[in-house]
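Take a look at the structure set out below.
The values are calculated or read from the model by the stated rules, or taken from the named source; none is laboratory data. Bear in mind that the values here come from a model prediction, so they are computed numbers and not experimental data. All Cβ positions, glycine included, derive from the backbone under ideal geometry; neighbour counts span all protein chains shown. Keep in mind that these areas ignore ligands, DNA and RNA; they rest on the heavy atoms of the full protein, side chains included. Shrake-Rupley method; radii C 1.70, N 1.55, O 1.52, S 1.80 Å.
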Amino acid sequence: MTSETLFEFPCDFPLKIMGRPTDDFRSLVVGIISRHAGEVDASRIEERPSRDGNYLGLTYTIRATSKAQLDDLYRELTSCEHVLIVL
């Protein structure tokens with residue numbers, strides 16, 4: 001029998017999200033993540049601007065509970081027009 005995922009749930013899972021450095025970007029991403037993973041702990045968020053400051057990389061480490069949760073979260077993040085890349 002083949003497993004659908006290599007992860008064992010629950011687990012800590014880092015999400016890397018890139019977008020333009022606006023307040024809207026940050027708040028939209030926090031809202032999406034909160035809907036799927038609960039309140040975001042500020043100590044588990046890292047921000048890194050690009051060299052020229054045109055982009056902002058956000059890394060959120062969440063407590064993932066299932067593959068379905070991650071699939072739904074990725075689906076909503078990638079459909080957000082302010083999000084350029086999700087890894």
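Taking Val40, is it at pLDDT 95 or above, on the phi < 0 side of the Ramachandran plot and out of contact with any Cys (no Cβ under 6 Å at 6 or more places or on another chain)? Steps first, please.
Numbers: at pLDDT 95 or above: no; on the phi < 0 side of the Ramachandran plot: yes; out of contact with any Cys (no Cβ under 6 Å at 6 or more places or on another chain): yes.
No.
Here are Arg75, Arg35, Arg26: which of them is surrounded by 11 or more Cβ atoms within 10 Å (Cβ to Cβ), modelled with pLDDT under 95 and assigned to a helix (DSSP H, G or I)?
Values: Arg75 fails: modelled with pLDDT under 95; Arg35 fails: modelled with pLDDT under 95.
The match here is Arg26.
State yes or no: is Glu8 in contact (Cβ under 8 Å) with a residue 60 or more places away in the chain, surrounded by fewer than 11 Cβ atoms within 10 Å (Cβ to Cβ) and more than 11 Å from the chain's Cα centre (by Cα)?
So Glu8 fails the test.
Of all residues in region 47-68, which are open to solvent by less than 90 Å² (accessible area, probe 1.4 Å) and not in a loop (DSSP other than H, G, I, E, B)?
Of the residues in region 47-68, the ones open to solvent by less than 90 Å² (accessible area, probe 1.4 Å) are 50, 53-62, 64-68.
If the condition is that a residue be open to solvent by less than 90 Å² (accessible area, probe 1.4 Å) and not in a loop (DSSP other than H, G, I, E, B), then Leu56, Gly57, Leu58, Thr59, Tyr60, Thr61, Ile62, Ala64, Lys67, Ala68 are the ones that fit.
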